[in-house]
1. With r defined as the distance between the Cβ atoms of residue 43 and residue 279 and R0 fixed at 30 Å, what FRET efficiency is calculated, to the nearest 0.05?
2. With the cut-off at 1.5 for a/c, could you classify the range 168-267 from its C-alpha gyration tensor as rounded, prolate or oblate?
3. Test of understanding: what is the full-extension gain from residue 300 to residue 225, defined as 0.36 nm times their sequence separation minus their Cα-Cα distance?
4. Could you tell me what a quarter of the Cα convex hull surface of the chain works out to, in nm² with one decimal place?
5. Determine the percent antiparallel among the DSSP beta bridges restricted to the chain, to the nearest 5.
6. For the range 162-303, give the share of DSSP beta bridges that are antiparallel, in percent and rounded to the nearest 5; count only bridges with both residues there.
7. For residue 94, list long-range residues whose amide hydrogen, built 1.01 Å from N in the peptide plane, is under 5 Å from its own amide hydrogen.
8. Using only DSSP helix segments of four residues or longer, with each worth -39500 (n - 2.57), what per-residue ellipticity at 222 nm results for the chain after dividing by its residue count and rounding to 500?
Amino acid sequence: MLNPIHLRTLRECVSTGSFAEAARNLGYTASAVSQQMFLLERALGAALFERSARSVRATAVAKLLAARSGAVLGALNMLEREARSMVLGEAGTLRLASFATANARIVPAALAAVVAKRPNAEVQLDEGDPDEVLAGVLDGGLDAAVVFEYDLDPRDWPVELTRTELLSEPFVLAVPAEHRLADRTEADLAECRDETWICPREDTAGARSLVRLAAEAGFVPRIIFRSNDYGVIRDLVFRGLGVAMLPGLAWPDGGIHPLRLTGRQPHRHVLVLHRDNNSNPLLPLALDCLAQASAEFTGAREW
């Protein structure tokens with residue numbers, strides 16, 4: 001394979017018609033230029049210059065190489081700049097995934113901060129619950145994933161992943177604004193034993209947490225409506241169709257009334273997972289921006 005350093009020197013020699021002048025322009029000695037051209041000729045198996053005591057004359061092969069190598073050297077320079085930008089975290093691709101309520105509340109601010117600091121980077125976002133995105137983090141398809149776990153439904157995460165808690169959100173009782181409990185700030189869950197309940201699908205951590213919480217209060221919830229979209233659940237509560245347990249990120253800005261539970265207050269924990277050996281230089285910035293966005297969101301809430 002041709003040495004790009006030798007090609008750069010060749011272009012200067014052809015342009016100047018002199019090894020000595022090429023050496024001055026490139027910061028080499030004349031003997032270093034002569035040695036490079038000798039090595040290039042040996043690699044090609046052809047003479048590149050007709051040498052005399054006072055000058056050198058480029059052969060047709062040398063002129064061809066000089067003309068054609070410009071684009072090649074330009075491409076190598078661009079490749080080097082792009083690689084250096086990636087190493088410094090100034091460019092490259094960051095691939096994240098998160099779940100719906102985090103995507104609605106904290107992830108946009110974090111991604112905007114990443115883009116503002118690294119405008120040449122490409123930031124990608126996918127959405128899914130923890131079990132849907134976990135494989136992507138493990139196999140390298142994702143750099144990191146924002147996930148959740150409930151106090152009442154703990155889980156074991158793969159040991160090869162680093163997990164960092166972004167926030168801990170209370171799991172609260174949500175009732176319609178005109179509900180009999182809406183003039184209070186706290187309630188015993190047993191007071192809602194006869195209510196119609198709204199919650200996510202049976203196979204979810206949110207649904208399992210509600211059932212376990214109700215069991216501790218001595219009843220089985222009568223669940224009539226199910227949706228994995230907390231926006232739908234909030235709207236059903238708002239319209240007086242039942243009550244629900246909502247994590248903090250799913251709290252509305254108005255329209256329904258949140259109640260803390262008396263006694264033990266369960267929480268949902270929002271975490272970010274990434275591989276221990278992930279070397280993407282954009283990842284530390286993303287983790288910092290996620291932490292900052294989470295802190296700002298929490299600070300704006302009276303949790």
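1. E between residue 43 and residue 279, to the nearest 0.05, is 0.30.
2. It is rounded, given that a/c, with a ≥ b ≥ c, falls under 1.5.
3. Details: separation 75, 0.36 × 75 = 27.00 nm, distance 3.09 nm.
Full-extension gain reported as 23.9 nm.
4. The directionally averaged projection comes out at 21.8 nm².
5. 65
6. On the way: 16 of 24 bridges.
Beta bridges within the range 162-303, antiparallel portion: roughly 65 percent.
7. Residues meeting the amide H criterion: 122, 123, 124.
8. Theoretical 222 nm ellipticity from helices: -13500 deg cm²/dmol.
Values quoted throughout were computed directly from the atomic coordinates according to the rules given, and no laboratory measurement underlies them. On a predicted model such as this, the values are computed, not experimentally measured, just so you know. Reconstructed Cβ throughout: ideal geometry from the backbone, glycine too, with neighbour counts over all protein chains shown.
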